[in-house]
Amino acid sequence: MRELRHFLDTNDFTKEELLNIINLSLEIKQSIKAGYNPPLLKGKTLGMIFQQSSTRTRVSFETAMEQLGGHAQYLGPGMIQLGGHETIGDTGRVLSNLIDIVMARVIEHKSVVELAEACSIPVLNGMSDYNHPTQEIGDMCTIVEHLPKGKKLEDCKVVFVGDGTQVCASLGFITTKLGMHFVHYGPEGHQLNEEHKAIMEANCKISGGSWDVTDDREKALPGADFIYTDVWYGLYESEMPKEERVRVFHDYQVNREMMQRANIGCKFMHCLPATRGEDVTDEILDSECSIAFEEAGNRLTAMRGLLVYFTQYQREQTPSQLKKEAAKEQLEHFMSDNDLV
Ligand code: CP
């Protein structure tokens, strides 16, 4: 049993811890593929707070709980008291007495931090305006499964193309933590900021990885093993009109010409949803080099690993200090004393 920990940011974890989560996720995937669903979450309940809509995150968390013997409760917008006069902290204190683990997709990152500070159960960040760490565990599972022949993670160059979204930042964080080579190739005004750069620099000092943020195509793309993109406007910014998006990001569409500048065999990744014809062409998204839909499938791989990893801790508010046998005996006495059996 380990101490209570939350999964708000991959930067709170060492390289070894992140590799443990990735490997655990892949081990469970293998087990399920071989026909054995280990009941690792038997009797556990996950609360899923969503302040925003979601396809992949919601479905993968719920499916992961079911496959491993647990149960998930969808707490979507307007379904719980959150947003009224009850604070997110008070919501967290209540949930800590009702369920075993909680995930939250929030509008502002400070909300998931406040939730974690109040909770005595693990909190997993299902995406905020700052980052998207569960996406990154799935992405790294996908990269591990598609490593170029003869290369280790540390040999790979990952280029994120386009807007410096929270997915871009998170990809920069995890790749540099793992000792990989990360480039954000994006237009000025939409690049990762100084805070992101400082984090990547600190990661690289320890891991031996490298990072760059540039709008220089000639520098960014050669040698790429993975090209990754996201939509052309942050999910939480007011949406840019289409004409403006096309003007700013025109040169950053992932298309055949861009893929040809990378290594032979370079894979295309996308956190999805994609805007076909904007951030990526149909030709690339549907091509042999695209692993974007496998990547979406590995959201489930990641959620299983994360849920198992973070529920293996010593619960602070143990419902009963009784040992299993003593608890059973006491319950049986209660039932018979009250004519319930
Ligand atoms: N990539 C991702 O988080 O997708 P959803 O918004 O559908 O969850």
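The values are calculated or read from the model by the stated rules, or taken from the named source; none is laboratory data. Since we're looking at a predicted model, the values are computed, not measured. Cβ sites come from the backbone with ideal geometry, for glycine too, and all protein chains shown count toward neighbours. Areas reflect the complete protein model, heavy atoms only, side chains present, ligands, DNA and RNA absent. Shrake-Rupley method; radii C 1.70, N 1.55, O 1.52, S 1.80 Å.
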Expressed in nanometres to one decimal, the distance between label points 7 Å along Cα→Cβ at His333 and Phe293 is 6.0 nm
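Please give the charge dipole size of the chain, origin at the Cα centre, charges +1 on K and R Cβ atoms and -1 on D and E Cβ atoms. Round to the nearest 20 debye.
On the way: 34 positive and 51 negative charges, 194 e Å.
Roughly 940 debye for the chain.
Once neighbouring chains are kept in place and the probe is 1.4 Å, which whole percent of the accessible area of the range 67-139 is contributed by carbon and sulfur? Mind dumping the intermediate values first?
Values: 1370 of 2810 Å².
Summing carbon and sulfur atoms, their accessible area is 49 percent of the total for the range 67-139.
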Across 10 Å bins beginning at 0, the whole-percent shares of Cα-Cα pair distances in the chain come to 5, 24, 32, 23, 10, 3, 2, 0, 0
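Hand me the chymotrypsin sites (Phe, Trp or Tyr not before Pro) from the range 8-65 located in a DSSP loop with no more than 16 other Cβ atoms within 10 Å, in residue order please. Working shown, then result.
Details: sites: Phe13, Tyr36, Phe50, Phe61; in loops: Phe13, Tyr36.
Qualifying residues, ordered by number: Tyr36.
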For the chain, longest principal axis from Cα atoms; helix 15-33 axis from its Cα atoms; angle between them, nearest 10 degrees, is 70 degrees
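Among the trypsin sites (Lys or Arg not before Pro) in the range 101-206, which ones are in a DSSP loop with at most 14 other Cβ atoms within 10 Å of the Cβ? Mind listing them?
Those that pass, being in a loop and sparsely packed, are Lys149, Lys151, Lys152.
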Nearest 10, in degrees from 0 to 90: the angle of helix 194-207 to the longest Cα principal axis of the chain is 80 degrees
Note to self: with every protein chain in place and a 1.4 Å probe, the chain gives an accessible area per residue in Å² of 47 Å²
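Can you give the Rg/Rh ratio of the range 132-272, where Rg is from the C-alpha atoms and Rh is the Kirkwood radius?
Values: Rg = 14.2 Å, Rh = 15.1 Å.
Rounded to two decimals, Rg/Rh equals 0.94.
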If one compares the long axis through the Cα atoms of helix 133-145 with the longest principal axis of the Cα atoms of the chain, the angle in degrees, nearest 10, works out at 70 degrees
With all protein chains in place and a 1.4 Å probe, Ser53 shows an accessible area in Å² (nearest 10) of 100 Å²
At the level of C-alpha centres, the distance separating the range 105-147 and the range 3-52, in angstrom, is 12 Å
Filtered hits (lysines, Cα-Cα < 24 Å from Lys177, offset >= 8 within chain) -> Lys15, Lys29, Lys110, Lys149, Lys151, Lys152, Lys157, Lys197, Lys205, Lys219, Lys267
